[in-house]
Amino acid sequence: MDDKLSYEEKKELPDSVFGLPERREYPMPDAAHVRAAEAYFRYCPEELKPKLARAILRFANEYGVDVESPTVLSYAS
């Protein structure tokens with residue numbers, strides 16, 4: 001699975017699969033996108049990092065992905 005979504009594909013996704021649903025950013029409809037969200041975590045605005053970190057862990061758990069980023073893990077706690 002490629003971790004690139006077209007604009008059309010992204011538009012079709014429900015808010016519930018986004019790490020930041022109110023902004024429709026960091027889509028995580030599958031394991032590849034959970035890993036991409038972890039990789040792009042550093043670009044998230046500082047004030048939204050705790051929320052995104054918790055979402056990454058929730059989706060990672062759902063798709064069986066091991067989150068290895070100490071930064072993501074520390075923001076989630």
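The values are calculated or read from the model by the stated rules, or taken from the named source; none is laboratory data. Note that the structure is predicted; figures quoted are calculated from it, not measured. Note: areas computed on protein heavy atoms with side chains; ligands, DNA, RNA excluded. Shrake-Rupley method; radii C 1.70, N 1.55, O 1.52, S 1.80 Å.
Once amide H atoms are placed 1.01 Å from N in the peptide plane, what residues at a sequence separation of 5 or more from residue 69, or on another chain, have their amide H within under 5 Å of its amide H? Close amide H contacts, sequence-distant or interchain: none at all.
Accessible area per residue for the chain in Å², computed with a 1.4 Å probe and the full protein assembly in place, what is it?
Here the per-residue accessible area is 62 Å².
State the Kirkwood hydrodynamic radius of the chain in Å, one decimal place, computed from all pairs of distinct Cα atoms. Evaluated over the chain, this radius sits at 12.3 Å.
The angle between the Cα long axis of helix 49-63 and the main principal axis of the chain comes to about 70°, on a 0 to 90 degree scale.
Explain nothing, just the number: relative contact order of the chain, from Cα pairs under 8 Å at least 6 residues apart, as a whole percent. Rounded, it is 25 percent for the chain.
In region 1-67, the portion of solvent-accessible area held by carbon and sulfur atoms comes to 50 percent [1.4 Å probe, whole percent, DNA, RNA and ligands not counted]. Net length available on complete extension from residue 13 to residue 47 is 9.8 nm, with 0.36 nm assigned per residue and the Cα-Cα distance removed. The HN-Hα couplings worked out from phi for region 23-39 by the Karplus form 6.51 cos²θ - 1.76 cosθ + 1.60 (θ = phi - 60°) are 9, 6, 10, 6, x, 9, x, 7, 4, 4, 6, 5, 5, 5, 4, 5, 5 Hz, whole numbers, x standing for Gly and Pro.
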